[in-house]
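A.B. asks: I am attaching a structure below and will ask some questions about it afterwards.
Here, each number is a calculation from the coordinates, and none is a lab measurement. All values derive from a computational prediction rather than experimental measurement. Methodologically, a virtual Cβ is constructed for each residue, glycine included, from the backbone with ideal geometry; neighbour enumeration extends over all protein chains shown.
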Amino acid sequence: MIAHLKGRSATVLFNSNAITLSQRLGRALIDAGLDELRVSLDGTTPATYARVRGVDAFAKVVANLERFVEVKREAGASNPRVSLWFTGLRDNIEEIPALVPLAVRTGAAGIYLQRLVYNGLGLATKEQSLYGRLQEHEATLIRETERAARAAGLGFSASGAAAPEISLTPSHDDRPWSQCRRPWSLVYVTVHGNVLPCCIAPWITEYYDGIVLGNLYRQSLEEIWWGDRYLDFRTAIRTDVPPEPCRGCGVKWSL
Ligand code: SF4
């Protein structure tokens, strides 16, 4: 699939936990032309990683990434670029400064502070959210991480390319969801061909059918993109009564 998309001049990237990133798979990703590998790493110690991600695999992931650096070096390849994605929680934010040396050690080019979108399951709870509830000590940790990343020549950003601390600070806009550009800039397609407005909506909606804006097995992308469902969704998101999944965006978590 990666090679097919690269043959059509697309930029190709995906997120992975890298638990199964073997030497053979790493080489295959390089040969296929993958542009970026985004690795979810929600802790910088084995204990926190296991608590947040529910699997005791921190050492394995780090070892896999270190080996992947070697595989890239042997292949003389600069791609895929590796980035580390850290979902910020009250439970793990103390560890974010250690993400910088870990990124250097594993050859990552950048680190990201990811928003927590919560639905009450597991650690995805309001109590764990930092959005609008960032304490001074936590803000200091993020600023220290920014400084260290800059000194190490690493990028450090947040979801939506916002600066990390800004991404945790709610706007005072009356309808912050209206700032979302996803319904005009991208589509999210499931393996069943369903076209959704974004990757966030399916995790938080209580009415999945309401976010299915078309299906690529039955309609062309053009028909879906300009169809009534998409047009209605775009209209509603600019009002005080947005589509149901959009109501938490910019209110409960960052856009
Ligand atoms: S759920 Fe959030 S991210 Fe998705 S389209 Fe609505 S406002 Fe945008």
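A.B. asks: Given 0.36 nm per residue, what is the gain on full extension from L5 to Y207 after removing their alpha carbon distance, in nm?
C.D. replies: Between L5 and Y207, full extension yields 69.5 nm more.
A.B. asks: Just tell me which lysines come within less than 24 Å, Cα to Cα, of K126; anything on the same chain fewer than 8 places away is out.
C.D. replies: Those lysines meeting the cut-off are K252.
A.B. asks: Here is a follow-up. So if I restrict to the alpha-carbon atoms in segment 1-49, what is the Rg, and what is Dmax, the biggest pairwise distance, in Å?
C.D. replies: Considering segment 1-49 through its Cα atoms, Rg and Dmax are 13.1, 42 Å.
A.B. asks: As an exercise, use a Förster radius of 25 Å and the Cβ-Cβ distance of R218 and A32 to find the FRET efficiency, rounded to the nearest 0.05.
C.D. replies: 0.25
A.B. asks: Considering Cα pairs under 8 angstrom that are at least six residues apart, work out the relative contact order of the chain and quote it in whole percent.
C.D. replies: 14
A.B. asks: Measuring from label point to label point, each 7 Å out along Cα→Cβ, what is the R234 to A47 span in nm?
C.D. replies: Those two pseudo-labels are separated by 5.1 nm.
A.B. asks: Sticking with this one: Normalised radius of gyration for the chain, please: alpha carbon Rg relative to 2.2 N^0.38 Å, two decimal places.
C.D. replies: 1.07
A.B. asks: Please identify, among E95, E74, E36, the residue showing maximal mean-square fluctuation in a Gaussian network model of the chain using a 10 angstrom Cα cutoff.
C.D. replies: Highest fluctuation of the listed residues: E74.
A.B. asks: Under a cut-off of 21 Å between alpha-carbon atoms, report the lysines in cross-link reach of K60, not counting same-chain residues fewer than 8 places apart.
C.D. replies: Of all the lysines, those that pass the test against K60 - Cα under 21 Å, at least 8 places apart if same chain - are K72.
A.B. asks: Provide the gained length on full extension for the span N15 to N79, in nm with one decimal, where the gain is 0.36 nm per separating residue minus the Cα-Cα distance.
C.D. replies: That works out to 21.6 nm of additional length.
A.B. asks: Something else now. With labels modelled as points extended 7 Å from the Cα through the Cβ direction, what inter-label distance (nm, one decimal) is found for V241 paired with R133?
C.D. replies: Here the answer is 3.0 nm between the modelled labels.
A.B. asks: In terms of the ratio Rg/(2.2 N^0.38 Å) built on C-alpha atoms, what value belongs to segment 144-255?
C.D. replies: Rounded to two decimals, the normalised Rg is 1.25.
A.B. asks: Return the Rg/Rh ratio of segment 120-209 with Cα-based radii and a Kirkwood Rh.
C.D. replies: Over the Cα atoms of segment 120-209, Rg/Rh equals 1.03.
A.B. asks: A further question on this structure: Distance from the Cα centre of segment 1-51 to that of segment 58-135, in angstrom?
C.D. replies: 13
A.B. asks: Sorting check: for 38-46, 190-198, 233-241, 3-11, which peptide has the highest mean count of neighbouring beta carbons within 10 Å, and how do the rest follow?
C.D. replies: Listed from highest to lowest mean packing, they are 38-46, 190-198, 233-241, 3-11.
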